[in-house]
1. Identify all residues within segment 392-413 that are of a type in the set (Val, Ile, Thr), surrounded by 12 or more Cβ atoms within 10 Å (Cβ to Cβ) and at pLDDT below 70; write none if there are none.
2. Given the structure, is Cys209 over 16 Å from the mean Cα position of the chain (by Cα), outside any helix (DSSP H, G or I) and within 15 Å of Thr183 (Cβ to Cβ)?
3. Look through segment 63-122, keep the residues that are assigned to a helix (DSSP H, G or I), touching a helix residue (DSSP H, G or I) at 6+ places or on another chain (Cβ under 9 Å) and among the charged types (D, E, K, R), and return whichever of them is nearest to Ile170 (Cα to Cα).
4. Of the residues Gly199, Gly171, only one is free of Cβ contacts under 8 Å to residues at least 12 places away in the same chain and of a type in the set (Gly, Ala, Ser); which?
5. Hey, among Gln69, Gln108, which residue is out of contact with any Ser or Thr (no Cβ under 8 Å at 6 or more places or on another chain) and at pLDDT 95 or above?
6. Failed condition for Asp363, given (1) modelled with pLDDT of 95 or more; (2) of a type outside the set (Val, Ile, Thr); (3) in contact with a Ser or Thr (Cβ under 7 Å, 6 or more places away or on another chain), with all others met?
7. How many residues does segment 10-40 contain that are among the basic types (Lys, Arg), under 27 Å from Ser87 (Cβ atoms) and exposed (fewer than 15 other Cβ atoms within 10 Å of the Cβ)?
8. Going through segment 215-244 one residue at a time, which ones are touching a residue at least 40 places away in the same chain (Cβ under 8 Å) and part of a loop (DSSP other than H, G, I, E, B)?
Amino acid sequence: MNGKELNNNLHKLLRHLDSIKDTLPMVLLLLRPYQKKAGVKLEEFIENNVTELEEEKDGKKLVSIPVEQTRVFDQLSKNSHISSLASKIIPESLFVSLISQYDSYLNQLLRILFNIRPEYINNSDRELTFSDLNNFKSIEEAREFIIEKEVESVLRKSHSEHFTYLENKIGMPLKKDLPIWKTFIEITERRNLFVHCDGIVSSQYIKVCKENKCLPKDIKLNQRLIVDSNYFDTVYECLYEITTKLTHTIWRKLISEDIKQADGELNDICYNLLTDGKYKLADILLDFACKQTKHFNDASKNVYIINKSLSQYLQDNKENAIEIIESKDWSASSDNFKMAHLILSEKFDEVYNLMKKIGKDGDINKEDYKTWPLFFKLRNQEEFKNLYKEIFEEDYKVLEIPKRPIQELIEELIENKTVKSVPKKKIPSKKTNVKKLPVKKKLNKKEIIDTKK
């Protein structure tokens, strides 16, 4: 038995999380011209049609607009309000979608768990009626029915209870030494608020967060919560971390004979995070990988140590990088590990000597020199380029990795000056409590409205 299903389930989730994360900034960027246009039209109308009066009502300035223009004002005000609402609704909706993707992942994880360990469901005390049995054509069909009911029963519980259920099934703690747990509880409880209460803080939210010591500072009952870009990133990182750790913990616990594949897949996740510049997540998962009690072999563990040091090096935390890389003696290691040790220790003269020794048929090939983040800083040095040409008899060219869609969109918008920031101006709208008052003859049949100062 291997962990292919576990890996596919995790891989699917991570792709979906990445997709949603990239969707938010893309949509908000595309919304800006639309919102700007709606705001400018309303502002122009106000400048041309609205007159501020000396009178006040309830501490608010009174302004007047021609009666025949009130319908236009209403529509422009509505357009501006609707466009601005999108900036609030879209992040909240995508936030809920992130949690929904996690729930879908958990649904499939439970089913995979029962396939790996059939005894988990064979020992189920779930009852079947005689009519149920009559509808089944085989024991396997009855088993699938029981699995479905078991999964449904688990998913109706809270997200905290999901972990308790898994802990009881596999016989090991999952929340221990998991700093992200508090964040996980808060985001799942906040998701419930947006789904059921329009984001308004409830007593249940406060109760659960207090029990788990994750209640955000200054949160009060009936306060409306928001989802800004920083919070959205936190949710993405939390789900990415907790699902990767959960999958690989279960994988190593229940399919220990497949540890080679588990090591390889976990390394791929960490490597991709490094190449994408997601160093925070890379640091967390590489630390998790290094702390595993068992690896397939020394080479597997060495890769984690190298990449853990490399992550710090790429963030210019050179002291941390050296401390990590010097925690092991690399003298008896293969040339690719020796190369990593020398680069991360910034012993560049020795690096070039080793490049010559390795040549073009050694542990490091042309593609490694072009794509491995280890060579990121060396690639700009003329000595490196010249030596590469000497070894491979061709000019060095960086292998261009396709950019993510969001990167391309941002660059295109900046080039077209579409994302140039514009100062916000205060303009009356439905949101600012605009009210109509009866027409006053002394104002030449203009309608009176009042708005905030």
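1. The answer is Ile406, Ile410.
2. So Cys209 does not fit the description; no.
3. Arg111
4. Gly171
5. That would be Gln108, the only listed residue that is out of contact with any Ser or Thr (no Cβ under 8 Å at 6 or more places or on another chain) and at pLDDT 95 or above.
6. Evaluating Asp363 over (1) modelled with pLDDT of 95 or more; (2) of a type outside the set (Val, Ile, Thr); (3) in contact with a Ser or Thr (Cβ under 7 Å, 6 or more places away or on another chain) leaves (1) as the failure.
7. So the answer is 3.
8. Across segment 215-244, the qualifying residues are Ile226, Val227, Asp228.
The values are calculated or read from the model by the stated rules, or taken from the named source; none is laboratory data. On a predicted model such as this, the values are computed, not experimentally measured, just so you know. Cβ sites come from the backbone with ideal geometry, for glycine too, and all protein chains shown count toward neighbours.
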